[in-house]
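To start, the structure under review is shown below, and the notes come after it.
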Amino acid sequence: MNPLMRFWLAIRATIFWVGFTASTLFYGLMTPLLLLLSFDARYPLIRPYSQFNVWWLKVTCGIDYQVIGRENIPTDEAVVVMANHQSTWETIAFASIFPPLTWVLKRELLRIPFFGWGLSMIRPIAIDRKSGKSAMIQVKTQGKERLDSGISLVIFPEGTRVPTGKVLPFKKGGAVLAEYAKKSVLPVVHNAGEHWPRMSYIKYPGTITVKIGKPINTDGLSVDEILNQLRTWIDKEKQNLPSYLS
């Protein structure tokens with residue numbers, strides 16, 4: 001890519017971050033008012049944050065998205081959404097795609113001014129990654145409570161953002177929760193890293209593809225069996241996604 005094009009893409013990315021920062025400040029300042037509301041009343045007021053920034057990304061950086069398999073999203077129960085993790089994009093956009101959800105995340109994120117304040121409003125499960133077994137117990141107990149109350153839970157089995165083309169071993173936390181809570185796993189794969197690469201300021205125009213598989217019924221399955229089914233599906237479907245960088 002020639003320097004002039006990179007410079008233009010950097011300008012577009014800067015304009016996006018200006019809008020993203022403004023919306024984050026706005027929702028962060030709304031936190032005291034949102035605290036007065038229940039989750040069910042609060043979530044419809046928070047979801048536009050995701051919708052605005054997905055739209056703003058399209059306007060400023062030319063990044064749109066398409067969803068394949070939207071009909072596979074259950075409407076009658078909360079599920080454990082398990083997806084590959086390549087980019088910041090999915091952490092912003094998933095709230096625009098799925099019914100009410102929250103996240104398992106590192107607790108340091110809640111300490112970020114404004115952003116963390118707003119994030120705390122969706123009842124995330126904030127864990128200390130270094131606490132090992134106690135973190136897993138927290139995910140199981142708090143995760144089951146969220147799921148039983150109708151809030152789906154997003155877990156990235158790789159545990160961190162992974163550059164396009166690379167693969168990390170899947171951690172068992174999401175499968176352990178699904179087995180413990182007796183909830184289905186909703187497998188999701190996407191290629192967001194093609195257009196918003198990990199650790200990249202520049203964003204590349206195009207259309208992100210999100211594919212949603214049929215829920216994995218965990219009844220009678222062991223944790224390893226759940227994880228194997230998920231891994232097999234994600235590895236297969238990832239090969240069928242468009243590649244902008246190839």
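The values are calculated or read from the model by the stated rules, or taken from the named source; none is laboratory data. What you are looking at is a predicted structure, and each value in this text was computed from that prediction instead of being measured. Cβ: placed from backbone, ideal geometry, glycine included. Neighbour counts: every protein chain shown.
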Using the structure shown, decide if A181 is surrounded by fewer than 23 Cβ atoms within 10 Å (Cβ to Cβ), in contact with a strand residue (DSSP E or B) (Cβ under 8 Å, 6 or more places away or on another chain), closer than 19 Å to A135 by Cα and not charged (D, E, K, R).
yes
Of the conditions (1) surrounded by 15 or more Cβ atoms within 10 Å (Cβ to Cβ); (2) free of Cβ contacts under 8 Å to residues at least 60 places away in the same chain; (3) part of a helix (DSSP H, G or I), I11 satisfies every one except a single condition; which number is it?
(1)
Please determine whether any residue of the range 129-143 is touching a residue at least 24 places away in the same chain (Cβ under 8 Å) and within 30 Å of L9 (Cβ to Cβ).
no
Here is a check on your reading of the model: is G116 on the phi < 0 side of the Ramachandran plot, touching a helix residue (DSSP H, G or I) at 6+ places or on another chain (Cβ under 6 Å) and either surrounded by fewer than 20 Cβ atoms within 10 Å (Cβ to Cβ) or hydrophobic (A, V, I, L, M, F, W, C) (or both)?
yes
Boolean, I122 is among the aliphatic types (A, V, I, L, M), surrounded by 14 or more Cβ atoms within 10 Å (Cβ to Cβ) and at pLDDT 95 or above:
no
In the range 163-214, what count of residues is obtained for those that are among the basic types (K, R), under 17 Å from the mean Cα position of the chain (by Cα) and modelled with pLDDT of 95 or more?
1
Considering every residue within the range 35-49, establish whether at least one is of a type in the set (S, T, N, Q), in a helix (DSSP H, G or I) and either touching a strand residue (DSSP E or B) at 6+ places or on another chain (Cβ under 6 Å) or at negative phi (or both).
no
How about the range 14-36: which of its residues are in contact with a Cys (Cβ under 6 Å, 6 or more places away or on another chain) and small (G, A, S)?
none
Do you know which residues across the range 207-230 are surrounded by 17 or more Cβ atoms within 10 Å (Cβ to Cβ) and touching a residue at least 60 places away in the same chain (Cβ under 8 Å)?
I208, T209, V210, K211, I212, G213, P215, L227, L230
Look through E108, E90 and report the one residue that is surrounded by 19 or more Cβ atoms within 10 Å (Cβ to Cβ) and in a helix (DSSP H, G or I).
E90
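Okay, residues lined up against (1) crowded, with 20+ Cβ neighbours inside 10 Å; (2) within 14 Å of the chain's Cα centre (by Cα); (3) charged (D, E, K, R); (4) under 17 Å from I212 (Cα atoms):
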| position | (1), (2), (3), (4) |
| --- | --- |
| L37 | no, no, no, no |
| I73 | no, no, no, yes |
| V81 | yes, yes, no, yes |
| H85 | yes, yes, no, yes |
For the structure I just gave you, tell me whether P163 is over 23 Å from P99 (Cβ atoms), touching a residue at least 24 places away in the same chain (Cβ under 8 Å) and crowded, with 18+ Cβ neighbours inside 10 Å.
no
Name every residue in the range 17-35 that is within 22 Å of I202 (Cα to Cα) and surrounded by 19 or more Cβ atoms within 10 Å (Cβ to Cβ), in order of residue number.
F20, T24
Kindly establish whether G69 is out of contact with any Pro (no Cβ under 7 Å at 6 or more places or on another chain) and at positive phi.
yes
Identify the residue in the range 148-160 that is surrounded by fewer than 21 Cβ atoms within 10 Å (Cβ to Cβ) and small (G, A, S) and, among all such residues, is modelled with the lowest pLDDT.
G159
Pull out all pairs, ordered by first then second residue, where Cβ-Cβ is under 7 Å, the residues are six or more apart or on different chains, the first lies in the range 93-107 and is farther than 17 Å from F39 by Cα, and the second is aromatic (F, W, Y) and in a strand (DSSP E or B).
A93/Y65
